[in-house]
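Report on one structure; see the data block that follows.
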Amino acid sequence: MKFSLRQLEVFLATAHAENVTRASDQLAMSQSAASSALKELERTLDQPLFDRVGKRLQLNDTGRWLLPRAEALLAEARELEQELSGQPGSGDLRLGATLTIGNYLAVTLVSDYKRQHPGAQVSLDVENTRAIADKLRQFQLDIGLIEGEVQDPMLHITPWRDDELVVFSAPDHPLAQQGAALDDHQLAAARWILRETGSGTRQTFDRAMAGLLSALHVELELQHTEAIKRTVEAGLGIGCLSRETLREAFSRGTLVPLDVPHRDFSRRFYVVTHTRKYVTRGMRDFIDRCLALDGAADTTALR
């Protein structure tokens, strides 16, 4: 073999950090050793893997070609090493979840997973659908749990569970006081407090409001569901969020649902991985736990 796994480790760390110094820090090695390993790999391949842009190193076409192959090879090598040493495997995971899932579902899933894999290091990034998909494409995450639809041949998307958005307001809002279903005229006249563009919640809302979007008055766009709930509670407008995020507020009576029967606010949550990523046992275990919640599709396609 003309290249080493250590060289591939340096390559991957540099690709993610876009800097050899930061990559060497992550790998607990000297900068000179990391630079030498990267140069030796490029010499072996007889071509550069990065474009030098100022102080940043950006993957070129060859580097982008190598990235998923190096990721898969190293992941499989680590799993093989653990099996040969008689270890069960640490089950380390880098998870990404959109806000609704990350704040209301993922914590329980991670806690359950950690009980079964007590030595595992699990990180959880909570961002919107667009950001999670971007990190999956760049192999910065192992698994994404998203609430928006993504069409990308690089990503394997498995339907997970059903969800629905609910239009809601403060209990003393005029639309709540009328006690009747809202029509399109009332929806257009209302002031809306909504999630930002790029979020799965906003994607579902825009789809549900097809034909009416240009007439809507969007008072505020906020990135956090709790901020939207507090703003609506203060009477500044009406909102639309996942029913999952509103259960406690509805139970307390601080917010109330508004009836909009002629608009379809249904959606699905999805489990997402990169199609070129090696699926470890830990990944399969976590995905199976997610899908088992609702008896969703199995992970055969990921194996």
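With a 10 Å cut-off between alpha carbons and a GNM built on the chain, which of ARG252, ARG230, ARG56 moves the most? Result: ARG252 has the largest fluctuation of those listed. As a size descriptor, the averaged projected area of the C-alpha convex hull of the stretch 163-267 was calculated at 5.8 nm².
For the stretch 5-84, what are the per-bin percents of Cα-Cα distances with bins 5 Å wide, up to the bin holding the maximum? Calculated over all Cα pairs of the stretch 5-84, the distribution is 3, 16, 26, 26, 17, 7, 3, 1, 0 percent.
Tally Lys and Arg at +1 and Asp and Glu at -1 over the other residues with C-beta under 12 Å from the C-beta of LEU67: what net charge comes out?
So the environment of LEU67 carries a net charge of +3.
In summary, the lysines within cross-link reach of LYS39, defined as a Cα separation below 28 angstrom excluding same-chain residues under 8 places away, comprise LYS2, LYS55, LYS135, LYS277.
For the stretch 249-273 and the stretch 11-77, compute the distance between their C-alpha centroids and round to whole Å. First find each Cα centre; the distance between them is then 44 Å.
Report the residues of the stretch 182-216 in range of a label on ASP259: point 7 Å along Cα→C-beta, backbone N strictly under 17 Å from it. From the stretch 182-216, the list is 182-187. 3J(HN,Hα) along the stretch 40-57, derived from phi through the Karplus expression 6.51 cos²θ - 1.76 cosθ + 1.60 where θ = phi - 60°, amounts to 5, 5, 5, 5, 4, 7, 6, 6, x, 10, 9, 9, 8, 10, x, 8, 9, 10 Hz, with x in place of Gly and Pro.
Spin-label pair ASP288-ASP183: with each label point 7 Å from Cα along the Cα-Cβ axis, the two points sit 5.5 nm from one another.
Here each label is just a point 7 Å from Cα along the line to Cβ, and for ARG115 and ARG281 those points are 2.1 nm apart.
Summary of the geometry: the stretch 157-199 and the stretch 121-149, compared by the centres of their Cα atoms, lie 26 Å apart.
Short to long, the 10 Å bins of the Cα pair-distance histogram for the chain hold 6, 23, 26, 21, 14, 8, 2, 0 percent of all pairs.
Largest mean-square fluctuation among LEU95, LEU45, LEU59, in a Gaussian network model of the chain whose springs join Cα atoms under 10 Å apart, belongs to LEU45.
Using the average count of surrounding beta-carbon atoms within 10 Å as a protection proxy, the listed peptides 61-68, 241-248 rank, highest first, as 241-248, 61-68.
When each of the peptides 157-164, 272-279 is scored by the mean number of other C-beta atoms lying within 10 Å of its residues, the order from highest to lowest reads 272-279, 157-164.
Just so you know, all these numbers are worked out from the coordinates, no wet-lab data involved. Everything quoted here is computed from the prediction, not taken from an experiment. Every residue, glycine among them, receives a Cβ derived from its backbone with ideal geometry; neighbour counts consider all protein chains shown.
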